[in-house]
Amino acid sequence: MSGEEEENAAELKIGEGSLSFSPPFPPPPPDSGRLGFRLSRQLTLIAAAEFLKAKCLMNCEVAIILEHKYEQIQQHATDSDPSSQVSQVFEKSLQYVKRFSRYKNPDAVRQVRETLSRYGLAEFELCTIGNLCPDTSGEAAALVPSLKSGGRFPGDAGNEKIEKMLNDLSLIKKFE
């Protein structure tokens with residue numbers, strides 16, 4: 001990260017740890033001085049806070065929602081009414097989430113969310129782990145660095161907790 005990027009990066013506290021990320025918008029112009037930097041940093045922190053409050057969905061949850069909507073559209077579809085036709089974007093989105101969904105059964109999807117929620121994960125962490133299904137604690141920490149840097153699962157005891165969480169997920173997948 002360059003010096004300018006470092007200045008514009010933000011750090012947001014999550015529980016005992018922190019989450020760092022760069023702003024989703026360009027830094028203020030150089031002539032805006034300290035005020036521009038403070039404004040940029042405040043906007044970044046606001047964006048980060050909104051991101052943490054957002055309700056995230058795993059691909060398998062989106063697949064269930066879109067399949068339900070698709071069935072509704074098909075039931076009410078008529079050849080003469082173009083508004084009752086499924087758009088190409090909708091179909092492609094449905095294909096995508098079905099292809100990359102690790103869990104197909106709605107009960108398994110519910111169990112995955114409940115299991116990961118018990119570990120106190122942030123929404124985006126929960127969905128990332130649920131979507132990517134890492135095999136090891138090292139892979140999970142590489143995919144979701146805030147698991148380790150966020151202070152949720154520090155040290156070797158943290159690795160054991162992450163392994164337990166991943167084993168719980170693999171059991172759900174096995175018995176799906």
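Here, each number is a calculation from the coordinates, and none is a lab measurement. Note that this is a predicted model, so its numbers are computed, not measured. Ideal geometry is used to build each Cβ from the backbone, glycine not excepted, and the neighbour counts take in all protein chains shown.
A compact table of results
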{"item": "Region 59-99: equivalent-ellipsoid semi-axes (sqrt of 5 x gyration tensor eigenvalues, Cα, Å)", "result": "21, 11, 5"}
{"item": "Footprinting exposure proxy for LYS55, LYS148, LYS164 (fewest neighbouring C-beta atoms within 10 Å first)", "result": "LYS55, LYS164, LYS148"}
{"item": "Region 106-174: Cα Rg divided by the 2.2 N^0.38 Å rule of thumb", "result": "1.00"}
{"item": "Mean Cα-pair separation over length for region 59-99, i.e. relative contact order, pairs under 8 Å, 6 or more apart, %", "result": "51 percent"}
{"item": "Relative contact order for region 81-176, counting Cα pairs under 8 Å that sit 6 or more residues apart, in percent", "result": "31 percent"}
{"item": "Positive minus negative residues near ALA63 (Lys, Arg vs Asp, Glu; Cβ under 12 Å)", "result": "+3"}
{"item": "Fully extended contour minus Cα-Cα distance, from GLU163 to VAL89, at 0.36 nm per residue", "result": "22.9 nm"}
{"item": "Gain in span if fully extended, THR78 to GLU139, counting 0.36 nm per residue against the direct Cα distance", "result": "17.1 nm"}
{"item": "Sequence ranges 65-77, 133-145, ranked by mean other-Cβ count within 10 angstrom, highest first", "result": "133-145, 65-77"}
{"item": "Under 18 Å from LYS98, Cα to Cα: lysines that are on another chain or at least 8 residues apart", "result": "LYS69, LYS173"}
